[in-house]
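Below: the structure, in structure tokens.
The values are calculated or read from the model by the stated rules, or taken from the named source; none is laboratory data. Computed from a predicted model, the values in this text were never measured in an experiment. Methodologically, a virtual Cβ is constructed for each residue, glycine included, from the backbone with ideal geometry; neighbour enumeration extends over all protein chains shown. Heavy atoms of the whole protein, side chains included, go into the accessibility calculation; ligands, DNA and RNA do not. Shrake-Rupley method; radii C 1.70, N 1.55, O 1.52, S 1.80 Å.
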Amino acid sequence: MRSLVYYVASTIDGFIAAPDGAFDFFGPDPEVAQHLATHWPQTFPTFAHAQLGIDRPQGRFDAVLMGRATYEPALKLGIASPYAHLKQYVFARSLPPSEDPAVEIVSDDAVAFVRDLKQQSGGDIWLCGGGQLAGQLLPEVDELMVKVNPIVAGSGIPLADRSFDLQHFALADATPIGAGVVMLHYTR
């Protein structure tokens, strides 16, 4: 069975974006970017591969899940397929079907869709964001990979936007990767 991996950047206080959805405050520190390009090359948008020296983004994922708010910044730049090297699923009720065959707009129940997707053959599935989609899918998440940045935001879009419902994970690894960023790896 495929694993669902929520791989995301976060502040110390658990926010993945500002209240308006901006996430540029995480910044592209060169040391962190190089570490991530080496260890997680599939998680960079396809258009960034050349500038990061990523020839073929190999790794464990063959699919990525995004909520509408995570997908829209690429659309505003005219990029219909931000992760063209992966099968992309965008969860949105009001977007029309994508003209790009690598992007599937999903308006069905996210949990049922992901349960079915996990049963299909293939590589692991990357949950890219955002907080609302992660909140819906948290019971289906098998691993959390959280890049905790040395920032306290105070408010914003939470790591998982959902009502109080404890979900237990075990710490598998904590690795400093530069610029005060720590990669926390949790498993269900």
Read through the list (1) open to solvent by 30 Å² or more (accessible area, probe 1.4 Å); (2) among the aliphatic types (A, V, I, L, M); (3) under 19 Å from the mean Cα position of the chain (by Cα); (4) closer than 19 Å to residue 73 by Cβ, then give the number of the only condition that residue 127 fails.
(1)
Which residues, taken from the range 22-44, are open to solvent by 30 Å² or more (accessible area, probe 1.4 Å) and either over 17 Å from the mean Cα position of the chain (by Cα) or not aromatic (Phe, Trp, Tyr) (or both)?
22, 24, 27, 28, 29, 30, 31, 34, 35, 38, 39
Would a scan of the range 164-171 turn up a residue that is closer than 29 Å to residue 25 by Cβ, in contact (Cβ under 8 Å) with a residue 40 or more places away in the chain and assigned to a strand (DSSP E or B)?
no
Options 83, 71, 89; residue that is in contact with a Pro (Cβ under 8 Å, 6 or more places away or on another chain), at pLDDT 90 or above and closer than 17 Å to residue 123 by Cβ:
83
The lone exception for residue 135 - which of (1) more than 19 Å from residue 2 (Cα to Cα); (2) touching a residue at least 40 places away in the same chain (Cβ under 8 Å); (3) touching a Pro at 6+ places or on another chain (Cβ under 9 Å); (4) open to solvent by less than 30 Å² (accessible area, probe 1.4 Å) it fails:
(2)
Quick test for you: out of 80, 102, pick the one residue that is more than 25 Å from residue 187 (Cβ to Cβ), in contact with a strand residue (DSSP E or B) (Cβ under 6 Å, 6 or more places away or on another chain) and of a type in the set (Gly, Ala, Ser).
102
Mind checking which residues of the range 52-61 are out of contact with any Asp or Glu (no Cβ under 8 Å at 6 or more places or on another chain) and at pLDDT 90 or above?
54
Conditions: (1) surrounded by 15 or more Cβ atoms within 10 Å (Cβ to Cβ); (2) out of contact with any strand residue (DSSP E or B) (no Cβ under 8 Å at 6 or more places or on another chain); (3) small (Gly, Ala, Ser). Residue 112 meets all but one. Number of the miss?
(1)
Among the residues of the range 74-97, is there at least one that is loosely packed, with under 14 Cβ neighbours inside 10 Å and within 18 Å of the chain's Cα centre (by Cα)?
no
